[in-house]
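The values are calculated or read from the model by the stated rules, or taken from the named source; none is laboratory data. Treat the numbers as computed from the prediction; the structure is a model and nothing was measured. Positions of Cβ are backbone-derived with ideal geometry, glycine not excepted, and every protein chain shown enters the neighbour counts. With ligands, DNA and RNA removed, areas are computed over all heavy atoms of the protein, side chains included. Shrake-Rupley method; radii C 1.70, N 1.55, O 1.52, S 1.80 Å.
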Amino acid sequence: MRSSNPVFSRRGFSRDTGYAGFNAPPQAGSPAAPPYAGANPYATNPYAQGQQHVTHAPPQYTPQTRPMTMDDVVARTAMTLGTVIAGATVGWLFLTGSLGFAVGAGLVAMVLALVQSFKRKPSPALILSYAALEGLFLGALSGFINDLPKMNGAPMQAVLGTMAVFVAMLVAYKTRIVRVTARFTRFVMIAAMGFVLLSLVNVLFMVFGGGDGLGFRSGGLGILFGIVGVVLGALFLALDFKQVEDGVAYGAPREESWLAAFGLTLTLVWIYMEMLRLISILRGD
C-alpha cells in the first residue's frame, strides 16, 4: 500500500506571487512577525519576508487581491475534500474490482500533486483534478480492503480515526499545547524524510527479495511503523494550521486559500492511508 505523500514536496504558500504590497510590514495593532521568522520555510511567515527592505505605505488591496480569510480557507477545503469524497464514492461503487485502473488514477493524482507543489501560484483546476483522482484511488482501495476477510468496516474505522486525529491536533494547536517553532519544523521534516526513505527501501526489498521486505508491513514492527506514520501526519497538520494562521494574519491573497486547502487535503489523505494500513495490520491481514 502506498504510504508516501507528496506533502513533503510542497512549498507552502508562495512568496513571489506578484501582488502589490504583499510583503509590507504589519502596522500598529496587527499581528507581529513570529520571533523565528527567517528560519525554515515551513516555520516562517513567507508573507513577512523582506520587511526590513520595505519602506512604502501599507498595502492597498484591490478587489483582485483581497486578503484571504479563514472563511475562504474553510470553503476551499470543504470543496476539495468534497471532491475527494465524491471520487471515493465512485471508486468504491464501480472500481473495487478494477484495482489496476484505480492505482493508475492514484499515480496520476500523485503527479498532479507534485506539479502543483512546484507551481508558484495555486491552480484550482489542478487541485480539484488531484482531489477527484485521489478519491477514485482511495475509494477503490478501501472497497477492496473492506471485502477482505476480517476487514469489514476497516475503512470506516480509518475515517473516524482520521477525524479524531484532526480534531485532537486542532485543539492542541489552538490551546498552544503544540507550538510550531523552527526546531519543531526541522524535527518534523527530518523525521518525515527518514520515514519516506525507509518506506522506499522496504518496497525495494519487497520487490527484489519477496515477502514483507524489512517487516514494516506486519507484526510488531509494522504496528510501530504505522503509529509513527499517523503521528507524523498529525504533526504535519500543525504545520498546515500554522501556514493558514500566518496567511490570514499577514494578508495573503485570497487565491492562496487554495494552497491551504491543498495542503490540508494532502495531509488528511496521508493520515487516512496510514490509519488504514495500521488497522489492517492490527486485524491480522
What residue, among those in region 130-170 that are of a type in the set (Val, Ile, Thr) and in contact with a Leu (Cβ under 8 Å, 6 or more places away or on another chain), is farthest from Val111 (Cα to Cα)? Val165
Answer with yes or no whether Val203 is surrounded by 18 or more Cβ atoms within 10 Å (Cβ to Cβ) and either at positive phi or part of a helix (DSSP H, G or I) (or both). no
Residues being open to solvent by 10 Å² or more (accessible area, probe 1.4 Å), farther than 16 Å from Lys121 by Cα and touching a residue at least 40 places away in the same chain (Cβ under 8 Å) - total across region 245-269: 6
Kindly provide the set of residues from region 65-86 that are over 11 Å from Trp258 (Cα atoms), of a type outside the set (Gly, Ala, Ser) and part of a helix (DSSP H, G or I), ordered by number. Thr65, Met70, Asp71, Leu81, Thr83, Val84, Ile85
Within region 129-173, can you find the residues that are without any contact (Cβ under 8 Å) to a residue 24 or more places away in the chain and farther than 19 Å from Phe101 by Cβ? Asn152, Gly153, Met156, Leu160, Met163, Ala164, Val167, Val171
Give the residues of region 99-122 that are over 10 Å from Leu136 (Cβ atoms) and of a type in the set (Phe, Trp, Tyr), sorted by residue number. Phe118
Answer from Gly284, Gly229 - the residue that is outside any helix (DSSP H, G or I) and in contact (Cβ under 8 Å) with a residue 24 or more places away in the chain: Gly284
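Yes or no, residue by residue, for (1) under 18 Å from the mean Cα position of the chain (by Cα); (2) surrounded by fewer than 19 Cβ atoms within 10 Å (Cβ to Cβ):
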site	(1), (2)
Leu93	no, yes
Ala105	no, no
Ile127	yes, no
Tyr130	yes, no
Val159	yes, yes
Val165	yes, no
Thr175	no, yes
Val180	yes, no
Phe187	yes, yes
